[in-house]
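In what follows, a structure is listed as structure tokens, so that the remarks can point back to it.
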Amino acid sequence: VQLQASGGGLVQAGGSLRLSCAASGHTFSSYIMGWFRQAPGQEREFVAAISWSGGSTYYADSVKGRFTISRDNAKNTVYLQMNSLKPEDTAVYYCARRWATGWGLRSYEYDYWGQGTQVTVSS
């Protein structure tokens, strides 16, 4: 199983970025997928998750209304559209595969991880 995250970069506050995570080596459409982020000196925190079909999503309160998670099972890819970015959104963003049913809000509830992509929001 491989997850390859991309799309990070430097953006000004109020701007937008779209992250992508391409998956291979497993039946992508069978799994809940999630995004986490980790800022320097902080623990990895949950950002968003999406059901196997894409019909249900779940967000951390800190990003609700600004971020949108989506997936394209035909392309084995999950996305994170980030709008109205704030300096506190600065972090390395990781995609991950959930190994069980139900939303997973803790990193130990995910078994495979992408390599991370840096998002930096300047004020």
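The values are calculated or read from the model by the stated rules, or taken from the named source; none is laboratory data. Every value quoted in this text rests on a predicted model; they were computed, and no experiment measured them. Don't worry about glycine lacking a Cβ; one is built from the backbone with ideal geometry, like all the others, and counts go over all protein chains shown. Keep in mind that these areas ignore ligands, DNA and RNA; they rest on the heavy atoms of the full protein, side chains included. Shrake-Rupley method; radii C 1.70, N 1.55, O 1.52, S 1.80 Å.
So, in nm, how far is label R18 from label V1 when the simple model puts each one 7 Å beyond its Cα toward the Cβ?
2.6
If you stretched the chain out fully between S62 and W103, how much longer would it get, using 0.36 nm times the residue separation minus the C-alpha to C-alpha distance? Provide the component values of the computation, followed by the final result.
On the way: separation 41, 0.36 × 41 = 14.76 nm, distance 1.67 nm.
Full extension from S62 to W103 adds 13.1 nm.
Using protein chains only and a probe of 1.4 angstrom, how many square angstrom of K75 are accessible, to the nearest 10?
For K75, the solvent-accessible surface is approximately 130 Å².
Which values of log₁₀ I(q)/I(0), to two decimal places, follow from the Debye formula for the chain at q = 0.09, 0.16, 0.23 Å⁻¹ with a uniform point scatterer at every Cα?
-0.21, -0.68, -1.42
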